[in-house]
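First the structure, in the form of structure tokens, and then the observations on it.
Derivation of every value follows stated rules applied to the coordinates shown; laboratory data play no part. These numbers were taken from a predicted model, which means no experiment stands behind them. Using ideal geometry, Cβ is built from the backbone for each residue, glycine included, and neighbour counts are taken over all protein chains shown.
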Amino acid sequence: MALRVFNTLSGRIEELKTLEDKRIRMYSCGPTVYDYGHIGNFRTFVFVDLFRRFLKQSGYELEHVMNITDVDDKIIRNASAMGIGVREYAGKYEQAFFEDMDLLSLEKPEQIARATEHIPEMASLIARLRQKDFAYKTEDGSYYFSIANFPNYGRLSKKDLTAISDGARVDVDEYEKDNVRDFALWKSPKPGEAKWETEIGPGRPGWHIECSAMAMEYLGETLDVHLGGEDLIFPHHENEIAQSEAATGKTFARYWMHVRFLLVEGQKMSKSLGNFFTPRDLMLKGHKPSSIRYLLSSVPYQKQLNFTFEGLKQAATSVERLRNFKFRLDSGTFPKGSSPEIKALAIAAGEKIRASLEDDMNTAQALAAIFDMVREVNAAADDGKLLRDDVAELQRALQQFDEIFAVLKDDDADKAKQVLEWARAEGKLGESTSAEPLLTDAQVDALIEQRQQARKSRDFARADAIRKQLADVGIILEDTKDGLRWKRK
Ligand SMILES: [Zn+2]
């Protein structure tokens with residue numbers, strides 16, 4: 001089987017054929033570092049990470065570029081409000097973004113490209129566009145892209161261009177969906193704003209030109225895949241195509257992949273609704289970064305994800321179940337011998353995971369495959385039917401899974417500590433927040449399940465250790481005739 005992906009440009013699922021065999025040139029739009037990234041942003045970044053990891057596992061050599069937008073309208077506005085430089089302001093949030101990538105176990109792309117370090121390349125691309133009559137200069141020294149001269153405009157977003165009023169312009173980076181207008185490539189200097197001296201005069205770049213210039217700088221005039229959130233299709237990606245293809249006369253990106261929005265508790269995320277969260281916000285509420293990563297990975301990128309606290313709780317339980325299973329395989333003692341059924345289960349799970357991801361990255365199906373294996377093998381082990389020589393094959397399937405999903409390594413506590421230190425340093429801890437994060441109900445439930453598992457596999461040392469861990473944060477376990485209960489001291 002071959003990898004198939006949904007290409008926004010053609011509107012259908014296609015086999016991914018790279019220009020060079022087993023080598024992929026891809027570009028994903030990175031963050032605009034004017035604030036902390038929210039979970040909607042990170043749904044896209046987590047997907048890009050899953051896709052990267054799967055390509056690598058499939059034997060591709062990766063050339064992946066991601067930009068950091070460190071100059072734009074919002075950054076300039078916020079920096080000047082604080083009376084500091086653009087670089088200083090953006091630097092803080094760029095650092096935070098890299099920390100968040102680590103928290104969510106995201107791999108770093110091969111190339112990170114900062115906009116402010118590629119201004120000459122952007123200026124020369126604009127000069128090239130002007131020479132070919134795709135760009136014009138206005139009296140104040142700004143440059144605009146003339147979309148009337150680029151007949152392919154609107155192909156990605158399927159925009160109807162009949163309503164364009166010739167020469168009408170828009171100079172903000174982000175604009176309304178039906179605002180099909182000539183857009184700013186370069187903005188003339190304004191008092192108090194950062195500016196650069198270049199071959200096309202002084203000023204600063206628009207947002208869209210950045211990605212065209214940096215993508216082509218590192219990846220050549222034609223890329224294999226360009227990725228981003230669905231909110232970038234128009235205007236950002238439409239404009240990237242226009243700028244790049246007008247300059248080169250070649251296809252800019254052969255495949256465009258877009259990650260859908262998420263909802264939070266069934267509603268669009270917004271600050272006014274109080275459902276706007278960053279990964280750090282969730283961690284300060286006691287949620288593990290592995291649960292956040294898992295939940296963001298659990299719904300295929302083409303489908304809307306409804307991010308809920310109930311979902312986070314279930315994600316924590318799912319991750320625990322996988323970790324417990326790994327622990328059982330790694331440290332359990334099993335009778336001698338091997339069983340063809342168990343071996344076949346492991347091989348089938350590995351094949352199903354691969355086939356699911358080749359099918360336009362169907363992560364939900366891949367997860368179902370690993371849990372089917374875990375359930376059946378746990379049942380076999382409970383009956384004493386898991387034999388010693390089958391363990392390695394099961395471990396291999398689990399590892400193949402985790403090379404993509406990356407949730408088995410248990411470094412949640414260290415990461416929680418880092419975020420707590422950050423919150424303390426930033427003065428973000430309320431009076432009521434204790435010095436150490438207390439366990440949420442979901443975490444307590446997960447630990448109790450882990451303890452039950454340990455007892456079941458007669459690992460009493462681990463069961464005791466978990467009881468102590470719970471007692472240390474004031475959780476008391478009670479065996480009642482209806483089963484185990486817990487309460488807070
Ligand atoms: Zn971009």
If packing is taken as the mean number of other Cβ atoms within 10 Å per residue, what is the order of 114-125, 374-385, highest first?
114-125, 374-385
Quick one: order Lys343, Lys326, Lys268, Lys336 by neighbouring beta-carbon count within 10 Å, fewest to most.
Lys336, Lys268, Lys343, Lys326
222 nm [θ] for the chain, helices only, -39500 (n - 2.57) per DSSP H run of 4+, per residue, to 500?
-14500 deg cm²/dmol
Using alpha carbons only, how many angstrom separate the centre of region 381-425 from the centre of region 1-74?
25
Cross-link list Lys288/Lys468; Lys303/Lys415; Lys288/Lys352: which exceed 22 angstrom alpha carbon to alpha carbon?
Lys303/Lys415; Lys288/Lys352
Would you grab the residues whose amide H sits under 5 Å from the one on Ala113? Only those 5+ places off in sequence or on another chain, please, with H modelled 1.01 Å from N.
Met66, Asn67, Ile68
Length-normalised contact order of the chain in % [C-alpha pairs under 8 Å, at least 6 apart]
15
Per-selection Kirkwood Rh - region 177-247 (Cα, Å, 1 d.p.)
13.6
Largest-first ellipsoid semi-axes for region 381-474, taking √(5λ) over the Cα gyration tensor eigenvalues, angstrom
34, 20, 9
Largest first and in whole Å, what are the equivalent-ellipsoid semi-axes of region 67-159 based on the Cα gyration tensor, each being the root of 5 times an eigenvalue?
31, 20, 13
With angles folded into 0 to 90 degrees, how steeply does helix 363-382 sit against the dominant principal axis of the chain? Use alpha carbons for both and round to 10.
10
Taking the dipole of the chain about the Cα centre (Lys, Arg +1; Asp, Glu -1; charges at Cβ), the one of Gln111, Met122, Ala135 that reaches farthest to the positive side is Gln111
Give the Kirkwood hydrodynamic radius (Å, one decimal) of region 247-378, defined as one over the mean of 1/r across all pairs of different Cα atoms.
17.6
Treating region 228-287 as a set of equal point scatterers at the Cα positions, no solvent, please give the Debye-formula log₁₀ I(q)/I(0) at q = 0.14 Å⁻¹.
-0.60
What value in Å³ per residue do you get for the convex hull of the alpha-carbon atoms in the chain?
156
Say the cut-off is 21 Å between C-alpha atoms; which of Lys74/Lys132; Lys137/Lys187; Lys313/Lys409 go over it?
Lys74/Lys132
Over region 1-111, what per residue volume does the convex hull of the Cα atoms give, in whole Å³?
123
